[in-house]
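Right, one structure below, let's go through it.
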Amino acid sequence: MEFKEERRPLNPLHGIVLFLIIMILFIFVFAPLQYYLGMTGLLLTELGLLAVTMLAVLVTKQSFREVFPIHRPRFGQIMGTILLWAGCFLFTMLVTLILMLFFPKGFAEVSSSMNAVFSSIPAFFSFLIVAVSPAVCEEAMHRGFIMHTFRGISRDWIAVLCIGLIFGLFHLDPYRFLPTALLGMGLA
């Protein structure tokens, strides 16, 4: 006789709890890592996000295939993604430029501190840490586990709005909150 372990369906509260756990870890573990280790700390942060997300999938006994559905995209899906990305990118840039008019000093500080960190290592490694690792690690958390927990919501726009707001809050930057929240909505 074979016993099959039953999976409980998740709800948005599970995703919010994961988000809160990650934010606590971010404040007390990941931010100090980034402060003291720079780009190495940023890479460790991204890997930590991925590890906590994978642990959440295991603890909640979810199927990795359901939480992280990976399919070979069709041509139309690729084109739709490119168009959606372009629209989100342009809209986010417009919002960022408008915000820069109102908060030029804040954006200048954020920009100069980010440039200092990004230029501290060779460009190839900076690209891997700043572009590739978030594309895998943060997306596994936000568009993987957290979005999976919002699947039970009957109105898609509510899930998209919530996931975008969580993505904006995740970046802990009042100047970048709105652009990252809008980007998070587009990605969702």
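Tabulated results
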{"read-out": "Helices (runs of 4 or more DSSP H) completely within the stretch 88-188 that count 2 or more residues being open to solvent by less than 70 Å² (accessible area, probe 1.4 Å)", "value": "104-118, 133-139, 156-170, 177-187"}
{"read-out": "Among (1) more than 17 Å from residue 163 (Cβ to Cβ); (2) open to solvent by 50 Å² or more (accessible area, probe 1.4 Å), the one test that residue 30 misses", "value": "(2)"}
{"read-out": "Any chance residue 146 is touching a residue at least 24 places away in the same chain (Cβ under 8 Å) and either closer than 21 Å to residue 182 by Cα or among the polar types (S, T, N, Q) (or both)", "value": "yes"}
{"read-out": "Residue tally, condition over 19 Å from residue 183 (Cα atoms), open to solvent by 90 Å² or more (accessible area, probe 1.4 Å) and assigned to a helix (DSSP H, G or I), over the stretch 70-83", "value": "1"}
{"read-out": "Tally of residues being open to solvent by 80 Å² or more (accessible area, probe 1.4 Å) and either without any contact (Cβ under 8 Å) to a residue 12 or more places away in the chain or in a helix (DSSP H, G or I) (or both) across the stretch 41-69", "value": "7"}
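The values are calculated or read from the model by the stated rules, or taken from the named source; none is laboratory data. Here the structure is a predicted model, which is why all the values come from computation and not from measurement. Here Cβ is always computed from backbone atoms with ideal geometry, including for glycine, and neighbour counts include all displayed protein chains. Please note that ligands, DNA and RNA were not included when accessible areas were found on the heavy atoms of the full protein model with its side chains. Shrake-Rupley method; radii C 1.70, N 1.55, O 1.52, S 1.80 Å.
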